[in-house]
Amino acid sequence: MNPLIQLGLSLVAVLFMAAVAWWLKLGGDVRIRNEQEAAALADQTICGFKPIAIALDKAGIGALLRDGAGRQMLIRRNGAHFVGRLLDRNVVARLDRNFLTIGTGERTFGSITLDLGPDAQYWASGLRHLQ
C-alpha cells in the first residue's frame, strides 16, 4: 500500500476516534464547580452523607466535607472521576499557609494538596481531632 494513502487512512482513523470520544464526553477537565456538586459526590461515596461544612479547592480538584456527626470526608480527582474517603486518625495532614496536604494512609488513594485559602488553618485544626 502506498505510504501516503496509509498515512491518510491513519489520520482519518485518529480523527474519527477523537470525534467519538468528544461525542461520548470522555476525558475532559473535570472539576468540582460548587458546594452542591461536592455534596452530591459525597452522597455518591457514602449514601446519606449530608455535609454541614464544605471547603472547595480553588482549582476544583478536591474538597473537604464535614457532616453533623463530625465525620470528615476528602474528595479528590482520580483521572476523569472523583473518589472519596472518610478520614480517621490515620490521616496525615500538613499545612503550608493556604495549602493543606492530606493523605489518608492508604497507598492506593494517595495524597492531595488543596488550596483552601484562609480556611486551610480551620480545616487543618479539625483534622487533628479525628478519631
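FYI, it's all coordinate maths here, none of it is from the lab. Values in this document were obtained by computation on a predicted structure and should not be read as measured data. Methodologically, a virtual Cβ is constructed for each residue, glycine included, from the backbone with ideal geometry; neighbour enumeration extends over all protein chains shown.
What the table below lists for this structure:
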item: Within the chain, helix-based [θ] at 222 nm, where runs of 4 or more DSSP H residues each add -39,500 (n - 2.57), nearest 500; result: -9500 deg cm²/dmol
item: Per-pair calculated FRET efficiency, R0 = 41 Å: residue 13 and residue 125 via Cβ, rounded to 0.05; result: 0.15
item: Max mean-square fluctuation residue, GNM over the chain, Cα-Cα springs under 10 Å, options 57, 115, 88; result: 88
item: Unit charges at the beta carbon, dipole of the chain: most positive-side option, 95, 19, 6; result: 95
item: Part-to-part distance (alpha-carbon centres) for region 97-124 and region 50-88, which is given in Å; result: 10
item: Sequence-separation-based contact order of region 44-131, relative, with Cα cut under 8 Å and 6+ spacing, percent; result: 22
item: Estimated Rh, the chain: Kirkwood, alpha-carbon pairs, angstrom; result: 16.6
item: Among 105, 28, 84: highest mean-square fluctuation, GNM of the chain, C-alpha pairs under 10 Å; result: 28
item: Gaussian network model of the chain, Cα within-10 Å springs - most flexible of 24, 65, 100; result: 24
item: Theoretical gain in end-to-end length, residue 46 to residue 59 [0.36 nm per residue, Cα-Cα removed]; result: 2.3 nm
